[in-house]
Amino acid sequence: MSDTETPAELNLSTEPDLAQAVEEEEEEDDDDMEQITAQKVLEILETAWINETNAPELLQHQSDMLELMISQVSHMEEQMRDLDKNDFRAVVHSMELERIRYIMASYLRCRLHKIETFTQYIINQDAAREPDDKRLSPEEAKFAQELSQNVDEYFHKVATQYMPNQQRGEAEQRIITPNLMSHVFLKANVAVPAVIVGVDDEEVDLAPGSQHIIPYQLVADLIQTNKAQLI
């Protein structure tokens, strides 16, 4: 490695292609697996992190990308052991690893906060979705179910068992739901024609790279299909 390499080259481009790791973990999907590099995985995670941070509801989980990046971080840490601590490359690698760790931790903290806040709403919504469309990862789904059960048991012991039967049956009214009509900043990734942006069915065409302030619910599908991203 030459001393003139850019930080971007030091960060990830020198690492091995992740496609092989993906294929080893999911051999049954080899024919459909797209070649993916460490840099691409990081870009996907960064977009997912920004979208998750700015969206009022829980978005599709990216557990596969997280696992790949955790594996990549471990690989980079092993390579760093061969570098002198005073080597500038070690400093750059260390800074990049800290940045990646922050993105992953912030992403997971954001999702955890939403799960804890909208627990029953998220469980109910996910129950109505197809397996491939579920927002919760298996680990998150287990946590949400256990949290919901523990909260229900606690409130039954301290409050609801002493309430009239009519009030006990009003569980649906106690579910906290996100405000899907809250406004978000949006950037179009591709051209999207005739997007409804108001209560009067006003339509606008989104040009690639254009930025807008729009109620989230009106563009939620664009976020899920990666036609647009939150900023």
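The values are calculated or read from the model by the stated rules, or taken from the named source; none is laboratory data. This one's a predicted model, so the numbers in the text were calculated from it and none came from an experiment. A quick note on method: Cβ atoms are made from the backbone with ideal geometry, for glycine too, and the neighbour counts reach across all protein chains shown. Calculation scope for accessible area: heavy atoms of the full protein, side chains included, ligands and nucleic acids excluded. Shrake-Rupley method; radii C 1.70, N 1.55, O 1.52, S 1.80 Å.
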Could you look through the range 159-175, keep only residues that are more than 29 Å from the chain's Cα centre (by Cα), surrounded by 10 or more Cβ atoms within 10 Å (Cβ to Cβ) and part of a loop (DSSP other than H, G, I, E, B), and pick out the one that is modelled with the highest pLDDT?
ALA159
Restricted to the range 44-65 and to residues being among the charged types (D, E, K, R) and at pLDDT 95 or above, the residue farthest from SER106 (Cα to Cα) is GLU57
Is it fair to say ILE103 is farther than 30 Å from GLY209 by Cβ, touching a helix residue (DSSP H, G or I) at 6+ places or on another chain (Cβ under 6 Å) and either modelled with pLDDT of 90 or more or outside any helix (DSSP H, G or I) (or both)?
no
Could you grab me the full set of residues in the range 97-118 that are out of contact with any Pro (no Cβ under 8 Å at 6 or more places or on another chain) and under 13 Å from LEU59 (Cα atoms)?
TYR107, LEU108, CYS110, ARG111, LEU112, HIS113, ILE115
Regarding HIS156, is this residue closer than 17 Å to LEU58 by Cβ, out of contact with any strand residue (DSSP E or B) (no Cβ under 6 Å at 6 or more places or on another chain) and exposed (fewer than 14 other Cβ atoms within 10 Å of the Cβ)?
no
So is ILE36 under 12 Å from the mean Cα position of the chain (by Cα) and either β-branched (Val, Ile, Thr) or farther than 29 Å from LEU180 by Cβ (or both) or not?
no
Where VAL195 falls short, out of the listed (1) at pLDDT below 85; (2) surrounded by 15 or more Cβ atoms within 10 Å (Cβ to Cβ):
(1)
(1) touching a helix residue (DSSP H, G or I) at 6+ places or on another chain (Cβ under 9 Å); (2) closer than 24 Å to LEU59 by Cβ; (3) assigned to a helix (DSSP H, G or I) all hold for TYR121 apart from (1)
Scan the range 127-150 for residues that are aliphatic (A, V, I, L, M) and open to solvent by less than 60 Å² (accessible area, probe 1.4 Å) and jot them down.
LEU136, ALA141, ALA144, LEU147
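Residues checked against (1) assigned to a helix (DSSP H, G or I); (2) modelled with pLDDT under 90:
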position: ALA141; (1), (2): yes, no
position: GLN145; (1), (2): yes, no
position: GLN149; (1), (2): yes, no
position: HIS156; (1), (2): yes, yes
position: THR177; (1), (2): no, no
position: MET181; (1), (2): no, no
position: VAL190; (1), (2): no, no
